[in-house]
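Just so it is clear, none of the values below were taken in a lab; they were calculated from the coordinates. Nothing here was measured: the structure is a model prediction, and the numbers come from that model. Because the Cβ atoms are built from the backbone with ideal geometry, glycine has one as well, and the counts that use them run over all protein chains shown.
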Amino acid sequence: MSELAVLAGEGLLPVAIAKALFLKGTPPAVLSLGETSPLLGSFAECVVSVPEISVKRIVGLLKEMGSRRLVLAGSVPKRWMYGGGPVDRETIEWIASLPARDDHALLGSIVRLLEGQGLEVVSYRSLIPENLAPEGPIAGREPSVEEWKDIRCGIGIAREAVRLSFGQALAVKGGSVLAVEAMEGTDEMIRRAGRIGPGGVVVKMMRFDQDERFDLPTVGPKTLDCMADAGMACLAVEACRTVILDRDRFAELALGYGIAVTGFPA
């Protein structure tokens with residue numbers, strides 16, 4: 001089996017990583033959590049479904065497969081940490097014992113636990129450089145003058161908010177914050193914002209001390225679908241620290257929806 005494995009959650013990020021490894025001639029083993037993409041099977045050496053999340057079981061499977069290096073990618077519903085999903089009792093109890101359970105602290109604790117078992121957690125940033133957001137125009141139209149005002153406003157507020165580690169995105173319209181992302185995720189935040197003030201700007205960035213090995217902000221076609229449904233008009237993401245999935249489809253949707261997408265410097 002491959003020395004490198006991908007612990008895959010939902011979404012297209014695990015697919016992009018597996019494809020990049022496949023094209024390098026080193027297809028990974030994949031441990032699949034939740035409703036992962038069927039496309040993973042096209043690029044993986046094998047796909048092993050994990051029907052119940054158990055840290056002990058995951059570590060055991062990796063050792064059985066001979067995988068000593070691990071990429072963490074994809075989303076896992078946050079409600080699972082409260083017992084609302086397929087997580088074993090021992091893992092739930094371990095999570096409950098942590099002194100802090102915000103995104104930053106929880107992911108860091110999981111990584112330290114895996115590393116304590118002799119596993120190396122590998123950064124995926126260098127595997128998919130073509131997916132990193134550039135600075136400046138990315139897709140769709142140019143932001144309007146009013147949208148640029150809201151982008152600058154949103155960046156200033158986001159730089160303060162992300163330090164508190166309860167989300168990576170917020171929505172602004174006319175200098176007012178419509179919604180701030182919490183545990184529900186960016187898509188649900190966008191839907192909330194649209195119910196209050198359609199036509200707003202979404203700003204997404206990462207905290208300065210976030211671990212880039214396993215927790216880069218990510219946007220993709222689904223983000224733009226949610227924005228279009230909610231009537232949101234502009235997306236601004238942090239350049240070089242945000243992953244854009246399925247770039248061709250992303251650009252096509254931005255153009256079709258008339259959404260401005262731009263990258264701002266870190």
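Relative contact order of the stretch 1-101, taken over Cα pairs closer than 8 Å and 6 or more residues apart, is 33 percent. Modelled spin-label separation between Q117 and A105, with each label point placed 7 Å from Cα along the Cα-to-Cβ direction: 2.3 nm.
Modelled spin-label separation between A182 and W148, with each label point placed 7 Å from Cα along the Cα-to-Cβ direction: 3.5 nm.
The alpha carbon centroids of the stretch 95-174 and the stretch 197-264 are separated by 11 Å. Evaluating 6.51 cos²θ - 1.76 cosθ + 1.60 at θ = phi - 60° for every residue in the stretch 71-82, the Karplus couplings come out as 10, 9, 7, x, 9, 10, x, 5, 5, 4, 5, 9 Hz, glycine and proline recorded as x.
What shape does the chain have by the C-alpha gyration tensor, where a ≥ b ≥ c are the square roots of the eigenvalues, rounded means a/c under 1.5, and otherwise prolate means a/b greater than b/c and oblate the rest? Note, shape of the chain comes out prolate. For the chain, a simple Cβ point-charge model (Lys and Arg +1, Asp and Glu -1, everything else neutral) yields a dipole of about 200 debye relative to the Cα centre.
Placing +1 on the Cβ of every Lys and Arg and -1 on the Cβ of every Asp and Glu, with nothing else charged, gives the stretch 132-264 a dipole about its Cα centre of roughly 260 debye. For a straight C-alpha distance cut-off of 19 angstrom, the aspartates and glutamates reachable from K63 (same-chain residues fewer than eight places away being disregarded) are E3, E45, E52, E115, E120.
Here is how the number arises for the chain: DSSP H runs of 4 or more residues each give -39500 (n - 2.57), the sum is divided by the residue count, and the result at 222 nm is -11000 deg cm²/dmol.
Between S126 and K56, the simple spin-label model (points 7 angstrom out along Cα→Cβ) gives 3.5 nm. For the stretch 176-266, GluC sites (Glu not before Pro) meeting the loop criterion (DSSP other than H, G, I, E, B) and having at most 16 other Cβ atoms within 10 Å: E184, E212. Given the pairs K56/K204; K173/K222; K78/K222, which are separated by over 26 angstrom at their Cα positions? Violating the 26 Å limit, Cα to Cα: K56/K204. Axis of helix 247-257 versus longest Cα principal axis of the chain: the two differ by about 30°, to the nearest ten degrees. In the stretch 132-264, with Lys and Arg counted as +1 and Asp and Glu as -1 at Cβ, which of these residues, M189, F250, A179, has the Cα nearest the positive end of the dipole, that is, farthest along it? Final value for the positive-end residue is A179. Return one number: the angle in degrees, 0 to 90 and rounded to the nearest 10, between the long axis of the Cα atoms of helix 55-65 and the longest principal axis of the Cα atoms of the chain. That works out to roughly 70 degrees. When only the Cβ of Lys, Arg, Asp and Glu is charged (+1, +1, -1, -1), the dipole of the stretch 12-155 relative to its Cα centre reaches about 320 debye.
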